[in-house]
Amino acid sequence: MKKIALIGNPNCGKSTLFNVLTGLQQKTGNFPGVTVERSLGQFSYDSEDFLLMDFPGTYSVNPKSEDEKVVYAVLSNPQHKDYPDLVLIVADATNLKRSLFLTTQLIDLGLNCLLALNMSDSAQKKGIVTDTELLSAELGIPVIAISSRTNLGIQALKQAFKKEGVTTVAPFVDIAKMDEGVRKCVEQISGFKTAYAAFHYVVNVQPEVVGKSAGTEIKQLMQALLFDANKAMQQESILRYKVINQLWKKPFQTFKVSSQKSITEKADKLLIHPVFGLSIFLGVLFVVFQFLFTLSAYPMEWIDALMLALRGQVTDELGDGLLVKLFSDGVLAGVTGILVFIPQIAILFMLIAIMEESGYMVRVSFLMDRLMRPFGLNGRSVIPLMGGVACAVPSILGTRSISNYKERLLTILILPLISCSARLPVYSLMIAISIPQHYFFGFIGSQGLVLLLFYLIGIVSALALSFVLHKGLFQQQRTAFVMEMPVYRLPQLRSVGITVINKVREFVVGAGGIILAISIILWTLSNFGPASFSSNFSTENRHDYTVELEQSFAGIAGKKIEPFIAPLGFDWRIGISLITSFAAREVFVGTMHTLFNVDETASDQTLMQAMKSATNSLTHQPLFSFAGGISLMLFYAFALQCMSTLAVVKSETLSWKWPLFQFVLMGSLAYLMSWLAFSLLN
Amino acid sequence: MEIGLHQLKEGQKALVHAIIESDVSLTLTEMGLFPGEEICLHGAAPFGDPLLVKVGNTTLFLRKEDAKSVMVQLLENSL
């Protein structure tokens, strides 16, 4: 299968082209050994199969950032298992000159290249006409005008994949023209396709690529020749710009000069204005939130109702034996737990894809950078963090739009601290029980204030954690943050759709299995106990071997941890609910119904009355006193009691390391905060 | 007069004179900021950072701390 690497500047429409070429035949993973995301896609044309590898957007192959290092590691090493047979360079036809930097670097490396001039249709509308034949002759590679929006040139592009391209032109940057040290150093090594490849090998000596001894040898050589890698690369960049400026004098493109300001310039007058731009972004955030919170509620209810009906049908048809129960209450309930996330994931990805494809997301980075920087976050972190108020699961998936890995990981790590909608039922119940209602100024209720306080606790603790992790754990080399402002474009519906479908499928495949497995385990633990296995188990009214929650494994565990959680003001009943709500925080309410023998259909008042009069089995004080209530709410604010979040962090970071780190860290914080609050208030 | 890029006022034009050697200088050069290029400060994000600049035909933005490494010479006629 022919391997094609897809490379281009950020925002050149690369991912749209990837979607157009591969459709739903996509798979996402990481580049081997590193944490940079890699999308693979397959397609066939004229009975030949192609493997398309999407690389991170980059302006240059010089390895400085994590993303560039990946591009460099693959393209500079013909022995690399991902080394492509063909490099498909995507350039924005309306911004061709900028992409010539990367393009000529790739050609100089001796790679088999093909240049696709994307967005040629909108270039034409702007009066930019490109002479692809002249460009092709000068670059020595095939050049094809395409548009992933209108499918212009896509056939020709696929045709070109079948041909073997040849590079015949002289190198753009002549190493012979560089400093003496550089020249001599490059002369010393052999076995490279081009002098430029040898140059790169010298300036970027990486022991993991060349072996330690070879690395030392070259470093000694560099020292002897007073060769500074960084300076050499800079010199090379300037030389390249000069070559491009010379090249650009040729009539590759003709421009109709227009005195009118472009739509982008006009739009940016508003959209990145310090005041209006920020206000508009707040409006955008509000819309995202509304979509995620309100709009997704309908399909989520439908899924719930549908699955409930299905489970009812199953029990009606098959009885309520042990296996049927396992299937209906264990498996089908677990499947429901996966499916309910789909509307929110689809909606969030649709909105993010629209913002990405239109070019607005870069403006978000620009607008929010100053505010998010002290916390080590990207401007783009704002959207997933805000989405976290609805649910951490789609939001963690939504961090994909943050290309810097460190910033993305930080966003993922702090997201579960944001007060999500699953905490709301717990907060509402506990506030109603433990917080006496007072009115300040006649209309500000104390209960509402406490709820607001808990939302603030979520945001403040998330940012504080980010700050600490940023300063403490993830110190790294300073990298520049320079980006080009792309022009605005209409997002392409088909590409947005493909993105949404692919992401939903990735979630179901990646995290779905874990969620299903954990929910079956939790169901088993809370429905069976040691008594289920004793020989004198009464089968009269319990022919399915299930036991009451209190006698179940989960119930017994809840009682066992009582001494450990007693300092927080909790007793065994809260112990049990801490275990069951690992499935999802809102399960707390259902567990309270069970433990206080209140039917789920009974009014909220009945449950609240029962809980209000409950006393702690150890101290005989009211269990849900002011101190006890605050302590419990703090525990739910900080602890990572959500298996779906853990599953999704695992599938996004590709290791159990980070979800376990989060689980332990947030659990310890929860214990500490609850203990402090209970000790102070009681 | 040689000043840092971050000291330009909105609308002012200047010539890039030098890039101070640092971890970020290569990135800046690759983006087209190198001696001899004309640069114009277009504006800034909320709270004055990052800066929006025009180099050649392209509009870039960069952080103030990175802009400090770009030494420029103010063009006389751009006040």
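Mind listing whichever residues of segment A:343-369 are away from chain B (no Cβ under 14 Å), of a type in the set (A, V, I, L, M, F, W, C) and closer than 21 Å to A:Ala392 by Cβ?
Of everything in segment A:343-369, those that are away from chain B (no Cβ under 14 Å), of a type in the set (A, V, I, L, M, F, W, C) and closer than 21 Å to A:Ala392 by Cβ turn out to be A:Ile345, A:Ala346, A:Ile347, A:Leu348, A:Phe349, A:Met350, A:Leu351, A:Ile352, A:Ala353, A:Met355.
Condition test on A:Val500, is it under 30 Å from A:Thr150 (Cα atoms) and either within 14 Å of another protein chain (Cβ to nearest Cβ) or part of a helix (DSSP H, G or I) (or both)? Give the steps one after another, and end with the answer.
Details: under 30 Å from A:Thr150 (Cα atoms): yes; either within 14 Å of another protein chain (Cβ to nearest Cβ) or part of a helix (DSSP H, G or I) (or both): yes.
Answer is yes for this residue.
Report, by residue number, each residue of segment A:3-25 that is surrounded by fewer than 21 Cβ atoms within 10 Å (Cβ to Cβ) and at pLDDT below 90.
Scanning segment A:3-25 gives A:Pro10, A:Gly23, A:Leu24, A:Gln25.
Restricting to segment A:93-116, what's the tally of residues that are of a type in the set (Gly, Ala, Ser) and farther than 20 Å from B:Met31 by Cα?
Final tally of qualifying residues: 2.
Which count do you get for residues in segment A:44-60 that are within 14 Å of chain B (Cβ to nearest Cβ) and not hydroxyl-bearing (Ser, Thr, Tyr)?
Filtering segment A:44-60 down to residues within 14 Å of chain B (Cβ to nearest Cβ) leaves A:57-60.
This time we only want the ones that are not hydroxyl-bearing (Ser, Thr, Tyr), so: A:57.
Total meeting the criteria: 1.
What number of residues in segment B:34-46 are at pLDDT 90 or above and within 8 Å of chain A (Cβ to nearest Cβ)?
4
Report the residue count in segment A:273-311 for those that are more than 14 Å from chain B (Cβ to nearest Cβ) and not in a helix (DSSP H, G or I).
Summing the residues that are more than 14 Å from chain B (Cβ to nearest Cβ) and not in a helix (DSSP H, G or I) in segment A:273-311 gives 1.
Where in segment A:73-149 are there helices (runs of 4 or more DSSP H), lying wholly inside it, with at least 2 residues that are under 29 Å from the mean Cα position of the chain (by Cα) and surrounded by fewer than 24 Cβ atoms within 10 Å (Cβ to Cβ)?
The qualifying helices (runs of 4 or more DSSP H) are A:96-108.
For the list (1) in contact with an Asp or Glu (Cβ under 6 Å, 6 or more places away or on another chain); (2) within 15 Å of A:Ile630 (Cβ to Cβ), I need the number of the one condition that A:Val426 fails.
(1)
Please state which of the following conditions B:Glu21 fails to meet, knowing it meets all the rest: (1) at the interface with another protein chain (Cβ under 8 Å from one of its Cβ atoms); (2) surrounded by 15 or more Cβ atoms within 10 Å (Cβ to Cβ); (3) farther than 23 Å from A:Thr264 by Cα.
(2)
Need the failing condition index for A:Thr479 against (1) under 18 Å from A:Arg370 (Cα atoms); (2) more than 14 Å from chain B (Cβ to nearest Cβ); (3) modelled with pLDDT under 90, just the number.
So A:Thr479 meets the others, but not (2).
Looking at A:Ser65, is it crowded, with 19+ Cβ neighbours inside 10 Å, within 14 Å of chain B (Cβ to nearest Cβ), in contact with an Asp or Glu (Cβ under 7 Å, 6 or more places away or on another chain) and not aliphatic (A, V, I, L, M)?
For A:Ser65, the condition - crowded, with 19+ Cβ neighbours inside 10 Å, within 14 Å of chain B (Cβ to nearest Cβ), in contact with an Asp or Glu (Cβ under 7 Å, 6 or more places away or on another chain) and not aliphatic (A, V, I, L, M) - is not met.
Given segment A:329-429, what helices (runs of 4 or more DSSP H) lie entirely inside it while holding 1 or more residues that are buried (at least 24 other Cβ atoms within 10 Å of the Cβ)? Walk me through how you get there before you give the answer.
Values: elements: A:333-339, A:342-358, A:360-372, A:382-387, A:392-398, A:405-414.
Helices (runs of 4 or more DSSP H) meeting the threshold: A:342-358, A:360-372, A:382-387, A:392-398, A:405-414.
Here's a check for you: in segment B:52-79, which residue that is closer than 17 Å to A:Val364 by Cβ and touching a residue at least 24 places away in the same chain (Cβ under 8 Å) is surrounded by the fewest Cβ atoms within 10 Å (Cβ to Cβ)? Before the answer, list the steps.
Going through segment B:52-79, the residues closer than 17 Å to A:Val364 by Cβ turn out to be B:52, B:59-63.
Narrowing further to those that are touching a residue at least 24 places away in the same chain (Cβ under 8 Å): B:60, B:62.
Working: B:Leu60: 22, B:Leu62: 25.
Once the filter is applied, the top-ranked residue is B:Leu60.
Determine whether segment A:296-311 contains at least one residue that is of a type in the set (Val, Ile, Thr) and surrounded by 19 or more Cβ atoms within 10 Å (Cβ to Cβ).
Taking every residue of segment A:296-311 in turn, none turns out to be of a type in the set (Val, Ile, Thr) and surrounded by 19 or more Cβ atoms within 10 Å (Cβ to Cβ).
Test of understanding: among A:Leu490, A:Leu473, A:Leu452, A:Leu463, which residue is touching a residue at least 24 places away in the same chain (Cβ under 8 Å) and either within 14 Å of chain B (Cβ to nearest Cβ) or over 30 Å from A:Lys126 (Cα atoms) (or both)? Outline the logic, then answer.
Details: A:Leu490 fails: either within 14 Å of chain B (Cβ to nearest Cβ) or over 30 Å from A:Lys126 (Cα atoms) (or both); A:Leu473 fails: touching a residue at least 24 places away in the same chain (Cβ under 8 Å); A:Leu452 fails: touching a residue at least 24 places away in the same chain (Cβ under 8 Å).
So the residue among A:Leu490, A:Leu473, A:Leu452, A:Leu463 that is touching a residue at least 24 places away in the same chain (Cβ under 8 Å) and either within 14 Å of chain B (Cβ to nearest Cβ) or over 30 Å from A:Lys126 (Cα atoms) (or both) is A:Leu463.
Consider A:Gln344 against the criteria (1) out of contact with any Cys (no Cβ under 6 Å at 6 or more places or on another chain); (2) more than 30 Å from B:Pro50 (Cβ to Cβ): it satisfies all of them except one. Which criterion is unmet?
(1)
Checking A:Val482 against (1) in contact (Cβ under 8 Å) with a residue 12 or more places away in the chain; (2) crowded, with 18+ Cβ neighbours inside 10 Å; (3) farther than 30 Å from A:Ala610 by Cβ, which test does it fail?
Against the list (1) in contact (Cβ under 8 Å) with a residue 12 or more places away in the chain; (2) crowded, with 18+ Cβ neighbours inside 10 Å; (3) farther than 30 Å from A:Ala610 by Cβ, A:Val482 comes up short only on (1).
If I ask for residues that are at pLDDT below 80 and β-branched (Val, Ile, Thr), which ones from segment A:255-272 would you list?
Hit for segment A:255-272 is A:Val257, nothing else.
Name the residues in segment B:47-70 that are touching a strand residue (DSSP E or B) at 6+ places or on another chain (Cβ under 9 Å), at the interface with chain A (Cβ under 8 Å from one of its Cβ atoms) and not hydrophobic (A, V, I, L, M, F, W, C), would you?
B:Pro50, B:Gly56, B:Thr58, B:Thr59, B:Arg63, B:Asp66
The values are calculated or read from the model by the stated rules, or taken from the named source; none is laboratory data. Everything numeric here is computed off the predicted structure, so don't read it as measured data. Using ideal geometry, Cβ is built from the backbone for each residue, glycine included, and neighbour counts are taken over all protein chains shown.
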